[in-house]
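Following: one structure in structure tokens, then a few remarks.
The values are calculated or read from the model by the stated rules, or taken from the named source; none is laboratory data. On a predicted model such as this, the values are computed, not experimentally measured, just so you know. No Cβ is skipped: glycine too gets one built from the backbone with ideal geometry, and neighbour counts run over all protein chains shown. Surface areas here come from the heavy atoms of the whole protein model, side chains and all, with no ligands, DNA or RNA. Shrake-Rupley method; radii C 1.70, N 1.55, O 1.52, S 1.80 Å.
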Amino acid sequence: MEPLVIAEQGHFFTGLRTHTGPAGTSVAGTHVQYQSPPSVRDNLILVHGGGGQALDMLTTPDGRAGWSTIFLRDGFAVYTVDRPGLGRSPYHPDIYGPIGPPAAYEGFVATFAAPSPPGLPEHTQWPGGGDRDDPALATFLAWQEPFPPDLVRAHEDMRDGAVGLLDRIGPSVLLTHSFGGAFGWFALSERPHLVKALVAIETSGPPFMKHPVLGDFTYGLTAVPVSYGPGAGDAKLGGIPVAVVSSPCSGFEPSCHATAEYLRECGASVDELRLADLGLHGNGHAMMLEKNNAEVAALLTDWIVKHT
């Protein structure tokens, strides 16, 4: 493999908000790490899911190159986000409210590393055994954090982060995962002229979901208002290209299809990328961490190039 060449790299915060509490006035926001190659194809924003952090995109639990490096090699200037209250965007209960329970084997195995749910193809791409002796799963659990306790606040913070980041770096492609999908929906809502394309990986849904833990997606795909969809009048997404990507072994495909249909109704130009239909088999919910993550990234780069 050719040496990795980085022309520029750094870190910054965006979407800053102040909070006055017992200790005084504090500041919280969205941490962004960036790396650029010598010749830039496009800006690419990577947004992790759930209670993860930027590490979901920076590496894999078995130590291989993560998507941030792979997409950098593909010519993208890569901006990797730590959503507020996670990773390098620190959490504090005075700002974000009571913290939830820590990540545990009992909940995370089923979503990320376990055999497929009944009726689905065999899950073969997780880079380990998926049991208590699996070092990859242990490493993955070690970097997980409690899920955001307040859905509305989490979505408000993602909206601020998306707006601040796009205003700073300009037209970009966004790639989001799972619960981080709202970052992309707010980008489409608040800065559609700066969104060149959007790739939603195994995104949270279906639209208008009422989840017993996450909360209610009152405005379709978000818990706070957006400028398109029901209640937004005649506003449409103007044919912005969106890829909704799903894995054959995670059980998210029906929800992803419902999300794709909803986005079409909102005026986006949507492609549904089902990995199995494209010759990639055995993937679960976190395809960016799995054994064939480079092959999946190549498929996504091809889609982005064709649509920007």
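At a glance:
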read-out: Lysines with Cα under 23 Å of Lys306, excluding same-chain neighbours fewer than 8 positions away; value: Lys196, Lys236
read-out: Computed label-point distance, nm, for sites Asp216 and Asp167 using a 7 Å Cα→Cβ extension; value: 3.0
read-out: Relative contact order of the chain, pairs being alpha-carbon contacts under 8 Å that are 6 or more residues apart, as %; value: 18
read-out: Debye, to nearest 20: dipole size of the chain, +1 on Lys, Arg Cβ, -1 on Asp, Glu Cβ; value: 580
read-out: Per residue accessible area of the chain, 1.4 Å probe, in Å²; value: 41
read-out: Cα centre as origin, Lys/Arg/Asp/Glu Cβ charges: the stretch 167-308 dipole, Debye; value: 260
read-out: Calculated on alpha-carbon atoms, Rg and Dmax of the chain in Å; value: 18.3, 55
read-out: Convex hull of the stretch 151-204 built on C-alpha atoms - directionally averaged projected area, nm²; value: 3.2
read-out: Solvent-accessible area, 1.4 Å probe, carbon plus sulfur percent, for the chain; value: 54
read-out: Cα pair distances of the stretch 98-160 binned at 5 Å [whole percent]; value: 3, 16, 21, 16, 15, 13, 11, 4, 0
read-out: Convex hull volume of the stretch 128-287 per residue (C-alpha atoms, cubic angstrom); value: 126
read-out: Reciprocal of mean inverse Cα separation for the stretch 224-308 (Kirkwood radius, Å); value: 14.0
read-out: At 1.306 mPa s and 10 °C, Stokes D of the stretch 1-55 from Kirkwood alpha-carbon radius, µm² per second; value: 111
read-out: Assigned charges on the beta-carbon of Lys, Arg, Asp, Glu; the stretch 101-228 dipole about Cα centre (debye); value: 440
read-out: Positive-end extreme of charge dipole, the chain - chosen from Val270, Tyr34, Pro61 (charges on Cβ); value: Tyr34
read-out: Orientation-averaged projected area, Cα convex hull of the stretch 44-175 (nm²); value: 9.5
read-out: Helix-only mean residue ellipticity at 222 nm for the chain, each DSSP H run of n ≥ 4 adding -39500 (n - 2.57), per residue, nearest 500; value: -8000 deg cm²/dmol
read-out: Positive-end residue, the stretch 233-308 charge dipole about Cα centroid, Cβ charges, pick of Ala286, Ala260, Thr301; value: Thr301
read-out: Residue of Asp277, Asp56, Asp134 that the Gaussian network model of the chain assigns the largest fluctuation, springs spanning Cα pairs under 10 Å; value: Asp277
read-out: Highest-MSF residue in the chain out of Ala136, Ala110, Ala77 [GNM, Cα springs under 10 Å]; value: Ala110
read-out: √(5λ) per eigenvalue of the Cα gyration tensor, the stretch 184-240, largest first, Å; value: 21, 14, 8
read-out: Derived scalar couplings ³J(HN,Hα) [the stretch 162-179; Karplus, 6.51 cos²θ - 1.76 cosθ + 1.60; whole Hz; x for Gly, Pro]; value: 5, 4, x, 5, 5, 4, 7, 9, x, x, 8, 9, 10, 10, 10, 10, 6, 4
read-out: Anisotropy class of the stretch 1-114 from Cα gyration tensor, a/c 1.5 cut; value: oblate
read-out: Residue with peak Gaussian network fluctuation, the chain [Cα springs, cutoff 10 Å], from Gly52, Gly21, Gly164; value: Gly21
